[in-house]
Amino acid sequence: MRFFRLAGHLVALACCVVPCRALPSVARQWNEENLAAIRIDVPHPPVHARNLFHVATGMYDAWAAYDAVAIGYIHHERATAPDLEAARREAVSYAAYRILRARFANSVNKDLTLPALDARLAALGYDKDITTTTGGSPAALGNRIAASILAWGLADGSGQAAGYRDPSYVNNQPVFEVIENGVPLGGYPAGADPDRWHPLTFDEGFAQNGVGPIFLQPFVGVTWLHTRPFSLRRVDPAQPWIDPGGPPKLRGGQAAAYRAEALDVLEKSRGLGSMELIDISPAAQGNHPLGTESGSGYPVNPATGLPYPSEWVPRGDYTRVLAEYWADGPDSETPPGHWHKIANQVSDALVDKKIGGSGPVVSDLEWDVKLYFALAGATHDAACAAWSLKRKYDSPRPISMIRFMALQGQSSDAGLPGYHPEGLPLVPGLVEVVTATSLMPGGVHHGSGFAIGEVVVFTWPGRPEDPTAQRSLPRWIRGTDWFPYQDRTFVSPAFPGYMSGHSTFSRAAAEVLAAITGSPYFPGASGGFSAAANGYLEFEYGPSVTVNLKWATYFDAADEAGVSRRWGGIHPRVDDLPARVVGSQCGNQVWALVPKYWNGSITGEEMFPEISRPDATTAVLAWEAVPGLWYRVERSTGLSGWGDVHGPVQATESRMGWTDDEAAGPRGFYRIVQTAGP
């Protein structure tokens with residue numbers, strides 16, 4: 001998705017009038033600055049999800065400081081001012097500005113981003129030269145909050161100071177060059193591992209958002225196995241935050257399932273040229289149970305009580321629009337930012353803003369800081385969950401799965417040419433082996449230049465020479481020449497496949513939007529996007545008709561984002577469906593947690609330490625903790641006269657411990673005191 005297309009979003013399609021609103025809240029304005037900075041930075045989804053969360057946390061903590069009940073996440077402080085709303089706007093602005101300026105200080109387009117941030121602060125009436133962190137002014141408070149969050153980020157396991165690199169990760173796959181002099185290359189190297197991610201190489205590099213050159217793909221997000229999430233908890237720090245098990249392996253006793261995943265991608269690649277008319281309206285699409293594709297749409301629009309109107313378009317137009325709209329690669333906000341954009345449009349369409357869909361109407365500022373805190377917390381946790389699985393399983397992308405098996409041959413019939421047990425299975429009209437018969441005049445492969453024994457696939461053949469005026473229709477090509485439906489300079493993402501970040505991000509975000517609005521439905525039970533005929537697509541010419549993507553619910557949009565990556569050839573099915581379930585877990589866990597910060601109950605949970613005695617003078621304590629809160633240990637000999645023996649210490653992980661080396665005596669008692677601040 002390209003950022004300039006976002007103006008084409010159609011949220012609340014059933015509504016003819018959207019009420020006029022005043023100037024957006026300062027939180028909304030800083031969120032828009034964050035999204036703008038992402039669009040011209042390197043596309044790094046987990047880093048941008050983390051930045052969105054830390055900026056959202058800064059804004060929320062600043063807002064909470066002026067509330068009598070709410071508790072901040074990382075920075076805890078109570079402040080007063082004669083004009084609370086003015087003070088909040090100022091503190092929120094300084095917190096967001098300082099965090100954004102620090103996080104984008106080394107951006108490839110910092111010469112554009114940093115002046116834009118300065119200009120935004122000035123337009124709001126604030127002075128960038130007020131850098132003090134001392135005193136009771138809202139500016140000083142915002143600066144203190146930013147300093148706390150930036151320090152927190154340097155110790156959150158992401159490896160920010162080292163450029164998010166992890167030298168312990170080693171990938172020894174042979175060189176797999178896919179671009180030479182700007183021309184896509186076919187073939188696949190011998191000796192590759194079909195069950196591992198295969199980084200792509202480029203002879204002269206290529207640009208992403210004006211960034212380059214990149215000759216060998218790094219593992220983007222390699223440190224996210226160890227990056228601190230918001231709501232997720234685990235016992236073993238070496239394991240993923242949520243682990244449903246890994247994808248099938250060609251050499252792991254699951255070859256049939258592995259091949260089926262590759263065939264599903266090839267079938268979708270072939271379908272990009274289909275002119276079969278299908279109904280893409282909510283009357284026929286969506287309403288899938290979580291983690292499945294068995295839904296069949298909705299009988300009526302619950303907002304109007306009327307059936308959804310049908311929307312008949314060629315399948316190939318619909319699927320190509322899906323693939324490009326949800327691509328979220330270079331020049332986009334990346335998937336977590338895309339969902340912030342959707343959330344902003346939903347906010348604009350709401351008549352009344354009520355947290356959870358009920359209770360009092362809240363101000364735009366309160367709505368926005370709480371929305372971003374929850375939404376960014378969910379997408380950050382989705383990044384931690386998905387990328388920890390990418391690190392553990394290091395699984396391949398379709399481009400290497402398909403090309404590897406095609407290089408081996410076909411695995412269906414030992415009596416035919418090109419047989420190999422690790423080859424592609426033959427499927428008439430989709431995957432075939434070239435034979436003397438098929439090369440004869442009248443044969444399906446006559447005049448193709450193929451050789452006997454080669455495995456060929458009927459598929460989208462790659463980007464046309466002139467994508468502004470030409471469309472590539474499916475035809476027979478060598479399996480080793482297969483390309484996903486992507487931009488030429490962004491063939492496949494720079495990280496392993498399993499599991500899909502798009503699917504995880506999207507479902508996590510959808511859960512939060514459904515929870516905070518009090519309904520799974522978009523306003524008017526109809527959201528969407530319009531892709532104009534003969535001009536919207538960029539990978540090739542099209543679509544042939546205007547395609548109106550429409551979603552009844554946030555979950556329908558999330559499911560569409562997930563499946564779009566399969567139509568684009570970026571993920572097999574196994575990367576998508578389980579990721580929707582993991583994303584749902586992330587979103588629901590965040591939503592279970594954030595109201596406790598808003599209503600102050602996060603500090604009310606009792607702490608029960610586990611105590612062990614390795615010897616007569618030592619007591620080892622361990623307890624569950626809430627990251628961001630502060631803890632101290634008190635000791636007494638008779639349940640009275642308690643005295644501090646440890647702390648206060650701010651929790652950075654979900655479990656804390658302390659050892660008392662002076663635990664002599666016949667008996668002793670300990671208690672854990674949990675507070676919002678030191």
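The numbers here are math on the coordinates, done by the rules we state, and not lab data. Quantities reported herein were computed from a predicted structural model and do not represent experimental measurements. In this analysis, Cβ positions are derived from the backbone assuming ideal geometry, glycine residues included, and neighbour counts consider all displayed protein chains.
Close amide H partners of Thr553, meaning residues 5 or more places away or on another chain with modelled amide H under 5 Å apart, are Phe522.
Give me the percent relative contact order of the stretch 26-162, please, defined on Cα pairs under 8 angstrom at least 6 residues apart. Answer for the stretch 26-162 is 27 percent.
Residues Trp63, Trp551, ranked from the fewest to the most other C-beta atoms within 10 Å, line up as Trp63, Trp551. Annotation note: trypsin sites (Lys or Arg not before Pro) in the stretch 581-678 located in DSSP loop regions with a Cβ neighbour count of at most 16 within 10 Å are Arg667. Of all aspartates and glutamates in the structure, those lying under 14 Å Cα to Cα from Lys370, and not within fewer than 8 positions of it along the same chain, are Asp61, Asp67.
Express in whole angstrom the spacing between the alpha-carbon centres of the stretch 223-293 and the stretch 600-678. Result: 43 Å between the Cα centres. The candidate values were [x] 97, 67, 49; [y] 113, 70, 57; [z] 65, 64, 52; the one computed from these coordinates for Cα extents along the principal axes in Å carries the label [x]. DSSP finds beta bridges in the chain, and of those with both partners inside it, around 90 percent are antiparallel.
Relative to the longest principal axis of the Cα atoms of the chain, the long axis of helix 573-598 lies at roughly 20 degrees. By the beta-carbon count within 10 Å of each Cβ, the least crowded to most crowded order of His226, His571, fewest first, is His226, His571.
Kindly express, to the nearest 10 degrees and within the range 0 to 90, the angle between helix 110-123's C-alpha long axis and the longest C-alpha principal axis of the chain. That helix lies at roughly 50 degrees to the long axis.
Dividing the summed -39500 (n - 2.57) terms of all DSSP H runs of n ≥ 4 by the residue count of the chain sets its mean residue ellipticity at 222 nm at -11500 deg cm²/dmol. Residues whose amide H lies under 5 Å from that of Thr618, counting only those 5 or more places away or on a different chain, are Ala663; hydrogens are built 1.01 Å from N in the peptide plane. Counting only residues at least eight positions apart within a chain, or on another chain, the lysines with an alpha carbon under 24 Å from that of Lys128 are Lys110. The lysines whose alpha-carbon is closer than 22 Å to the alpha-carbon of Lys390, local same-chain residues fewer than 8 away aside, are Lys249. Normalising the average separation of contacting C-alpha pairs (under 8 angstrom, six or more residues apart) by the number of residues puts the relative contact order of the chain at 17 percent.
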